[in-house]
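**Q** This is the structure I have questions about; it appears just below.
The values are calculated or read from the model by the stated rules, or taken from the named source; none is laboratory data. Keep in mind that what you see is a predicted model, and the values were worked out from it rather than measured. With ideal geometry, Cβ positions are generated from the backbone for all residues, glycine too; neighbour counts draw on all protein chains shown. Remember, those area values only see protein heavy atoms, side chains included, never the ligands or the DNA or RNA. Shrake-Rupley method; radii C 1.70, N 1.55, O 1.52, S 1.80 Å.
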Amino acid sequence: MSLAVCPGSFDPVTLGHLDVIRRARSMFDEVVVVVAHNAAKHPLLAVDVRVALVEGAVADMTGVTVTSWDGLLADFLTRSGAQAVVKGLRGGADVDAELGMALLNRHLSGVETVFVPGDGALAHVASSLVKDVARHGGSIDDLVPPGVAAAVSAALEERA
Ligand code: PNS
């Protein structure tokens, strides 16, 4: 049974993330989506909300589960026995951001990262941009799975 891990902040999960999770599932028997902490980011959504939103978004996919992890991703990889990390690439900026993490995760755990080109039609979809659009009153309905826009609005209102 092959197992891949799709890690990320998922703050919030977008259609771009779902595209990558689907591609990972097409290559591996099982996929674990790991909602992890990125020390460089201050999340808008609580971790349990992020997990619930990803769970809702992958509910129709078999062999895909969702969890959160508060430690080093490399430790999760070792503990879970995953064969690979799967990450999506939208462009050069993603390569710059992802390569160091891939090398470090391999150094620490021996687990390789497989990069998949995301759907070109979703190349502009990033969680940070989605939040910025929502923050300024724009619609994000066609950028995120159902239910996510409402959760982002609620979190923004709570913050205001
Ligand atoms: O969606 P993101 O923010 O680009 O995902 C980055 C994430 C959360 C996968 C990365 O920051 C991570 O793996 N965090 C867990 C802690 C860790 O292992 N840090 C070292 C990364 S090499």
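**Q** Within the stretch 52-59, can one find any residue that is of a type outside the set (D, E, K, R), open to solvent by less than 20 Å² (accessible area, probe 1.4 Å) and assigned to a helix (DSSP H, G or I)? Don't jump to the end; show me each part of the working.
**A** So in the stretch 52-59, the residues of a type outside the set (D, E, K, R) come out as 52-54, 56-59.
From the residues that got through so far, the ones that are open to solvent by less than 20 Å² (accessible area, probe 1.4 Å) too are 54, 57-58.
Filter again for assigned to a helix (DSSP H, G or I), leaving 54, 57.
Yes; the residues of the stretch 52-59 include at least one that is of a type outside the set (D, E, K, R), open to solvent by less than 20 Å² (accessible area, probe 1.4 Å) and assigned to a helix (DSSP H, G or I).
**Q** Also, I was wondering about something else. Identify, from the list Val33, Val20, Val13, the residue that is assigned to a loop (DSSP other than H, G, I, E, B) and closer than 19 Å to Pro117 by Cα. Walk me through it before giving the result.
**A** On the way: Val33 fails: assigned to a loop (DSSP other than H, G, I, E, B); Val20 fails: assigned to a loop (DSSP other than H, G, I, E, B).
After applying the criteria, what remains is Val13.
So that you can scan it fast, the table gives a plain yes or no per residue for (1) in contact with a strand residue (DSSP E or B) (Cβ under 6 Å, 6 or more places away or on another chain); (2) within 15 Å of Gly8 (Cα to Cα):
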{"site": "Met101", "(1), (2)": "no, yes"}
{"site": "His107", "(1), (2)": "no, no"}
{"site": "Phe115", "(1), (2)": "yes, yes"}
{"site": "Asp119", "(1), (2)": "no, no"}
{"site": "Leu129", "(1), (2)": "no, no"}
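Results for (1) touching an Asp or Glu at 6+ places or on another chain (Cβ under 9 Å); (2) more than 8 Å from the ligand (Cβ to nearest atom); (3) over 18 Å from Ala126 (Cβ atoms), shown as yes or no for each residue.
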{"residue": "Phe10", "(1), (2), (3)": "no, no, no"}
{"residue": "Thr67", "(1), (2), (3)": "no, yes, yes"}
{"residue": "Leu72", "(1), (2), (3)": "no, no, yes"}
{"residue": "Val86", "(1), (2), (3)": "no, yes, no"}
{"residue": "Leu108", "(1), (2), (3)": "yes, no, yes"}
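**Q** Related question: Taking the stretch 25-37 as the region of interest, how many residues are away from the ligand (no atom under 14 Å from the Cβ) and among the hydrophobic types (A, V, I, L, M, F, W, C)?
**A** Adding up the residues that qualify gives 3.
**Q** Which condition breaks for Ala40 when tested against (1) touching a residue at least 60 places away in the same chain (Cβ under 8 Å); (2) on the phi < 0 side of the Ramachandran plot; (3) near the ligand (Cβ under 8 Å from one of its atoms); (4) part of a loop (DSSP other than H, G, I, E, B)?
**A** Evaluating Ala40 over (1) touching a residue at least 60 places away in the same chain (Cβ under 8 Å); (2) on the phi < 0 side of the Ramachandran plot; (3) near the ligand (Cβ under 8 Å from one of its atoms); (4) part of a loop (DSSP other than H, G, I, E, B) leaves (1) as the failure.
**Q** Additional query: Is it fair to say Lys41 is buried (at least 20 other Cβ atoms within 10 Å of the Cβ) and among the basic types (Lys, Arg)?
**A** So Lys41 fails the test.
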